1. Residues being part of a strand (DSSP E or B) and either within 25 Å of the chain's Cα centre (by Cα) or of a type outside the set (Ser, Thr, Tyr) (or both): count how many of those fall in the stretch 322-351.
2. If you go through the stretch 198-237 one residue at a time, how many are open to solvent by less than 30 Å² (accessible area, probe 1.4 Å) and not in a loop (DSSP other than H, G, I, E, B)?
3. Quick check on the stretch 81-123: of everything there that is more than 17 Å from Tyr355 (Cα to Cα) and part of a loop (DSSP other than H, G, I, E, B), which residue is nearest to the chain's Cα centre (by Cα)?
4. Just need a number here: residues in the stretch 149-200 that are β-branched (Val, Ile, Thr) and free of Cβ contacts under 8 Å to residues at least 12 places away in the same chain.
5. Mind telling me which of the residues Leu373, Leu414, Leu358, Leu362 ends up being at pLDDT below 75 and either surrounded by 14 or more Cβ atoms within 10 Å (Cβ to Cβ) or of a type in the set (Ser, Thr, Tyr) (or both)?
6. Run Tyr323 past the list (1) surrounded by 14 or more Cβ atoms within 10 Å (Cβ to Cβ); (2) within 19 Å of Val260 (Cα to Cα) and report the number of the one that doesn't hold.
7. Conditions first: (1) surrounded by fewer than 21 Cβ atoms within 10 Å (Cβ to Cβ); (2) in contact (Cβ under 8 Å) with a residue 24 or more places away in the chain. Val139 passes all but one, so which condition is the exception?
Amino acid sequence: AKMFFAILVAFAVSARATGANCPCPCGALQESIKTKFAASTCVSDSLSKSIWPTTPRFDGKREKVKLELQTWDSQHLSTMIFSIFARDVLNYDVEFVCTSSGNNGPARIENGVSDAIIEYWWGNYAGQNKKYVGQVLPVLDMGDLGYTGQSGVYQMSNTSEIFDRDLNITNLRYKNLVIDLAFDWHVLLVKEVIDLYANANDTDIISDLTEIYRFTPEHCNEWRADGVGNNCVDIKAEIQTYDQGYLHQTIVNLGLNATVSYWGLSGLQTYISRKNSRQELLLFKYFVPEAFMAANAAYVKRMDLPTTTSQCASNNTNALSGYGSVNCDFPKTELKKLSTRRIVTNDRQNAYYGYSNLIRELVISSNDINTLLAEFLSASSPSAFDIACNWIQNNTDSWEDWIEEIQCPEGKTLLEDGTCSLDQGSSSDSGKDNTIYFYIVLGIIPPLALAFYCVIKNRGVDFAEILVSMLTESTKVLMFMLLQIIDYATDAMAFVAVLRNSELRNYIYPYWVFICLGGLTSMVEVIVGCITLYSLLFKKKSRLNTVVGTGLSHLKGELLALEKGGVISFENQAELDYTLEKARNGIIYCFAGILNALVEVLPFCIMNMLILIELNEVNLIILISLLVNCVALGAVTYRFKELESYVEINSTLLKMTLKCLVSKEDNEKKSTTELRERNTLNLQRQGTSSLMRSRLSGLNYTNSKLLREIKSKDSAHTLRAMSPKISSSKIRNMSPSRSGVKVTSPSMGSCRAPVPTSPRRPNRKAPPPALTASVLEMQNSKNNRTSLNHLGSSESAGPKRD
């Protein structure tokens, strides 16, 4: 079983969300940025001290932070700015993970491939955001970065002039209309415009470039570089995972005569530059902010697609096949900062507090990012690290609030290197030896144990047995309460897991209903359990116990054989009070537990099983919740047995009390006859050995207890035959001078006071006077001394001699 569970856990861990095959191999540009960052320092100690004089330099304690380094300039610049502060000011160990885009970025963070993404294009990955990002999900949205991004379809700014020069339309009025619409998407429905774009020969332009992906709708022919047979415009694009599927759906739904080919960022930039130098028509997809677009802003112009609406943009299926309902322009996208939940904290003493505060406060305005991009373009040998560092050193007003001034904790002082150190004035207290408390506690334990033993010895064996039973019952109640708390906690964790998984949205409503109902029933069960514990440990004798004690006081010294097995002793009034109190509270507690199992445990067990069947992966939280549910359901069967036992104890004692309080003299003979018949039947059902051991909760009377109540040799001999598990030494140690045991029927006990027995040791030849007729008959039968088969077999057969 342990091996099977270990295999399930291993499979669950291995079946986590996968995302893209990243970290990806770093490109040349990414490698150069990593090398430059590792070899250089930007924020000096003097600059740091001038801005934050009380901030310890080693706040980060060299904890590792993994940041994604993607493939475009604005992301490089913003990531470098964050990295410089994290390393040079807060002293974190910054590591870069190379990726191609933000696609599957939340999945990478959830898997621990990376810790954070600076400049995440939120609007492009709505489905992934719902699955991974949220207040109760593994990835946190740390707020807007400050500037926005937007993709679009662009043309050369001289498109109108080229239309006027080369467009083959004889109708001048119609031609002028087309020229006026040169930057509107409707021109892609005009055959003459399509021919002008499609027939261009780009063979020499793409000769050294590599196409990485292509989309061709059904109404278009495959694009050829030489222009032969082309019937659609080919829109050049960067990478297919940027705004995945958006442009394809727009082409299909608007019926545009266009195909799309992808060449990578550097390939697309080369293609655009070559076409621009030849003053030829060009349609391409790109995004801003980006250094290349900033450098060529005078040469390109955005095409007007249908106006963006939130509904249109939210319908993006990310399907590269063009399946979806998007038919509008690219939306403006808030650029976000994402972080793993694992290292975000509000605890100032946590090593990641500085990181958490920095990523929350990091804001770069549109003007600032445009300034950075302009500097990047104007540099002779542009480096993202150098541009970011130069901006940091010259724009302190823009970022001085990003780092919170951290005061050293009480008892520590700020040293010259910026670290917090122990205050000399408090060092004397730190060296105080606290081991003396351990030895004090260790020395108190033996006297307490001795005192406890003396108290038990002084109070007698009956008190000890009641104490043991009380501790056993209390422990059992505590274990049930603990199991219920663990079960509800795992169910709540499973509910959170369901909220995090978009594939399980159909289960959110039923989970919510049963988590509320389960919370109420769990609270009721815990409250009833606490009341039960209080009653077992501290509550004094109740009025009902007084009535029962009064009604059954004449049965002192007798035993009550129960139909379901076990006995109740009337030897000690305290035992009787405890048994009745335990049974009464046990009924209520068992009902509460069974109700909770029906309302919470069983529904969650069923839902967890359905989820594990539906999912393509094993969810560890759901699996643990299911296992705990199964354990809790297994405990319910024990609750039913306990409930049956408690009901029998309670009802039997109350019936006997009522009968004895209202019985008359003319019923005594009938009661005695019924007592013998019922007692014989009970002993035959359960086996006489049940007089020596309890099979049900609440009947914890040990063999030694009964052995002390069997007072004669004949009784002891009979006992040996009845229960071979009793050792001979215990039987020899019985006291023969005390009165014999009496066994009373659970439903029709005699209400007459018991006849006092002689303290003289009974004659071997005569049966003990206190035994019932059934046991008496067995003792006087020589052939049945070692068998229980004939116990109570003939009520009419009397003893052979008195």
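1. Going through the stretch 322-351 one residue at a time, the tally reaches 7.
2. 7
3. Only one residue tops the list, namely Val113.
4. Step one: list which residues in the stretch 149-200 are β-branched (Val, Ile, Thr), which gives 153, 159, 162, 169-170, 178-179, 187, 190, 193-194.
When the remaining residues are screened for being free of Cβ contacts under 8 Å to residues at least 12 places away in the same chain, the result is 170, 187.
Of the residues in the stretch 149-200, 2 are β-branched (Val, Ile, Thr) and free of Cβ contacts under 8 Å to residues at least 12 places away in the same chain.
5. After ruling out the rest, the residue left standing is Leu414.
6. (1)
7. Val139 satisfies every listed condition except (1).
Residue-wise test of (1) buried (at least 20 other Cβ atoms within 10 Å of the Cβ); (2) over 12 Å from Gly123 (Cα atoms).
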| residue | (1), (2) |
| --- | --- |
| Phe330 | yes, no |
| Thr333 | no, no |
| Lys336 | yes, no |
| Asp347 | no, yes |
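The values are calculated or read from the model by the stated rules, or taken from the named source; none is laboratory data. Note that the coordinates shown come from a computational prediction; the quantities given were computed from them, not determined experimentally. Heads up, the Cβs are rebuilt from the backbone with ideal geometry, glycines too, and the neighbour counts pull from every protein chain shown. When the accessible area is computed, the model is the full protein with side chains, heavy atoms only, and any ligands, DNA or RNA have been set aside. Shrake-Rupley method; radii C 1.70, N 1.55, O 1.52, S 1.80 Å.
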